[in-house]
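The values are calculated or read from the model by the stated rules, or taken from the named source; none is laboratory data. From a predicted model like this one, the values you see are computed outputs, not experimental measurements. Here the Cβ positions follow ideal geometry from the backbone for every residue, glycine too, while neighbour counts run over all protein chains shown. With ligands, DNA and RNA removed, areas are computed over all heavy atoms of the protein, side chains included. Shrake-Rupley method; radii C 1.70, N 1.55, O 1.52, S 1.80 Å.
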Amino acid sequence: MNFSVDEQYNAVIITLKGNVMGGPNAVKFQETINSLKEDGKLNVVVNLARVNIMNSSGLGMLISAMTSIRNAGGDLRLSKPASKIKSLLVITKLITVFEHFDSDQEAAESFSAS
Amino acid sequence: MDQKRLELNIASTFDELDLAVEQLQDFIPTLDLDDDLSYRVILLASEALTNAIEHGNKWDENKHATLRLVMQEDRIELTVTDQGEGIHWTQEDPLEEKKRLADHGRGQFFMRKMADEVYIDEENCRLDLVFHCIPQNL
């Protein structure tokens with residue numbers, strides 16, 4: 001897995017790529033989340049369009065990040081989850097926990113609506 | 001039909017786990033499976049290998065995990081072994097309200113949900129997953 005960080009639509013967009021299975025880059029991902037919290041950037045969108053496989057370790061990474069951001073008063077929302085990733089969210093009932101959208105823009109704009 | 005198979009033997013490091021999953025992602029398309037089955041096999045192989053390396057071998061680089069995938073006429077058999085002290089197969093339910101936001105504990109749940117058959121040989125650190133598929137000669 002690797003990821004890029006961008007700021008658009010008044011939110012931070014983190015785009016994940018490849019196989020999301022934990023490991024060293026999951027640690028870097030959490031460090032990025034910690035930096036965003038320190039900078040007060042609490043509207044975070046994670047784009048999943050380029051994810052191939054996300055296993056339970058990858059899901060755990062996202063849950064940790066979301067919990068961390070929510071505890072700081074913000075939220076982490078998902079954009080463009082592929083149908084197979086959405087089905088993982090459904091069977092784990094996390095679909096009711098993560099807000100998810102069809103585009104980065106929709107996800108980012110949802111922060112101003114909430 | 002001829003059996004198609006893949007055998008891997010990896011050290012207990014994340015890099016080797018990552019590489020093993022990439023090798024599976026190259027191999028699975030050669031089996032001509034539908035998308036759903038392909039995805040389930042790769043995902044559960046990653047879960048089984050992760051469990052073997054993390055909970056079995058406890059990330060000891062001197063210990064290895066093996067994966068054997070064999071495609072039979074109407075089934076795919078996936079076997080993962082490790083060199084730990086025995087598989088501890090839990091019946092934890094990650095859907096419980098208090099566990100819903102846990103950052104771990106879903107690997108075995110996925111295997112129970114997405115494989116057609118699951119066999120655990122706790123003493124010999126061996127996990128077998130079976131996936132049913134439509135016979136290719138029909």
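Looking at A:55, A:71 in this structure, which one is open to solvent by less than 50 Å² (accessible area, probe 1.4 Å) and of a type in the set (S, T, N, Q)?
Result of the check over A:55, A:71: A:55.
Considering each residue of the stretch B:11-49, count those that are under 17 Å from residue B:125 (Cα atoms) and open to solvent by less than 10 Å² (accessible area, probe 1.4 Å), and give that number. First the steps, then the outcome.
Just the residues of the stretch B:11-49 that are under 17 Å from residue B:125 (Cα atoms), to begin with: B:11-12, B:44-49.
In the following step, the residues that additionally are open to solvent by less than 10 Å² (accessible area, probe 1.4 Å) were identified as B:12, B:44-49.
Here the count works out to 7.
When you look at residue A:109, is it more than 14 Å from every other protein chain (Cβ to nearest Cβ), over 27 Å from residue B:108 (Cβ atoms) and without any contact (Cβ under 8 Å) to a residue 40 or more places away in the chain, yes or no?
Taking the combined requirement at face value, the residue does not satisfy it.
So residue B:39 fits all but one of (1) closer than 18 Å to residue B:133 by Cβ; (2) touching a residue at least 24 places away in the same chain (Cβ under 8 Å); (3) in contact with a Lys or Arg (Cβ under 6 Å, 6 or more places away or on another chain); what number is the exception?
For residue B:39, the exception is condition (2).
Among the listed residues A:12, A:51, A:27, A:5, identify the single one that is under 21 Å from residue B:101 (Cα atoms) and of a type outside the set (S, T, N, Q).
A:27
Please note which strands (runs of 3 or more DSSP E) are completely contained in the stretch A:1-104 and include at least 1 residues that are in contact with a Gly (Cβ under 7 Å, 6 or more places away or on another chain), more than 12 Å from chain B (Cβ to nearest Cβ) and more than 23 Å from residue B:42 (Cβ to Cβ). Give the derivation first.
Numbers: elements: A:2-8, A:11-20, A:43-54, A:75-79.
Ranges flagged: A:43-54.
Filtering the stretch B:70-88 down to residues that are modelled with pLDDT of 95 or more and under 20 Å from residue B:54 (Cβ atoms), which residue is most open to solvent (accessible area, probe 1.4 Å)?
Per the criteria, the residue is B:83.
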